[in-house]
1. Over the chain, what is the relative contact order in whole percent, taking alpha-carbon pairs under 8 Å and six or more residues apart?
2. Consider all pairwise Cα distances in the chain and report the whole-number % of them above 22 Å.
3. When the Debye formula is applied to the Cα atoms of region 194-234, each taken as the same point scatterer, what base-10 log of I(q)/I(0) results at q = 0.18, 0.27, 0.35 Å⁻¹?
4. Can you bin region 71-130 into rounded, prolate or oblate? Criterion: square roots of the alpha carbon gyration tensor eigenvalues sorted a ≥ b ≥ c, rounded for a/c under 1.5, prolate for a/b above b/c, oblate for the rest.
5. Which whole number in µm²/s is D for region 27-90 by Stokes-Einstein, with the Kirkwood Rh taken over Cα pairs at 20 °C and 1.002 mPa s?
6. With a ≥ b ≥ c the root eigenvalues of the C-alpha gyration tensor of region 115-182, is it rounded (a/c under 1.5), prolate (a/b larger than b/c) or oblate?
7. I'd like to check one number: the per residue accessible area of region 1-70, probe 1.4 Å, reported in Å² as a whole number.
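The values are calculated or read from the model by the stated rules, or taken from the named source; none is laboratory data. Predicted model, so just to flag it, every value in this text is computed and none were measured. All accessible areas refer to the heavy atoms of the entire protein, side chains included, with ligands and DNA or RNA removed. Shrake-Rupley method; radii C 1.70, N 1.55, O 1.52, S 1.80 Å.
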Amino acid sequence: MKELYALDWSPDGKSLAYGWQDEIWVVQEPAYERSHVVSIYNRGRIDDVSWSPSGQYLAFHGDQFLEEFWGEFIWVVKGDGTGLKNLTTDPPFYPLRALAINEWLDDQTLTINLWEGTGAQSLYQVDRISGKATLLIGYGDSKIPVQTHGGSYDWSPTREHIVINQAGHLVLVNVSQASELWFSTMEEPPSEIFRGWSQDDQQFLYSQWDKERGGYNLWLWDVARGEGEKVLPH
């Protein structure tokens, strides 16, 4: 549903936040009556919302009409509608550069994907309070100095690893060591799809195209052992 609508369940599972046109609403159990959180101005459109780990803050992505064009921004606001702040007003962010919410690392830190115009995205870390942006992975002086720049970044639950999708090729990154493990080479056709981490940070699921028989096989990768196991064919 999140791929089609701007919505997210709170970490405790008791509240659902969703965007509708230029507004964010929250419905809460047990009555599930909706309450208004915030609106954006200049004919805004909201297309993604994300609760912080404690459920105190909401980050949301949307556009605003800026005189002659639509600009993209990411805001953060408290769950009660106070403290609205635009996190993407300063460089390297710019309204005409596509961006997306990646993930909350904690209640103060949000990661953002910034499109570089080459089919890849850089991963930035932004401080909710100061608004300071730090390049984690991408072009330039990166905090995690790996060579891979992905189209998407999937953090493990403990933030010790990231799976990068590099145009259909998965790359496992150890964050502290800045090491990279490629599951296929760029000379091979794109064949891999990330599916999800286990909660203990030790395994993740991915699909891989079966070159001999066709169709995708489902694999389970063990991080500690550095090897995978096919769990479902086709």
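1. In percent, rounded to a whole number, it is 8.
2. 57 percent
3. -0.48, -0.88, -1.16
4. Judged from the Cα gyration tensor, region 71-130 comes out prolate (a/c at least 1.5, a/b above b/c).
5. 167 µm²/s
6. In terms of gyration-tensor shape, oblate.
7. Heavy-atom accessible area per residue stands at 62 Å².
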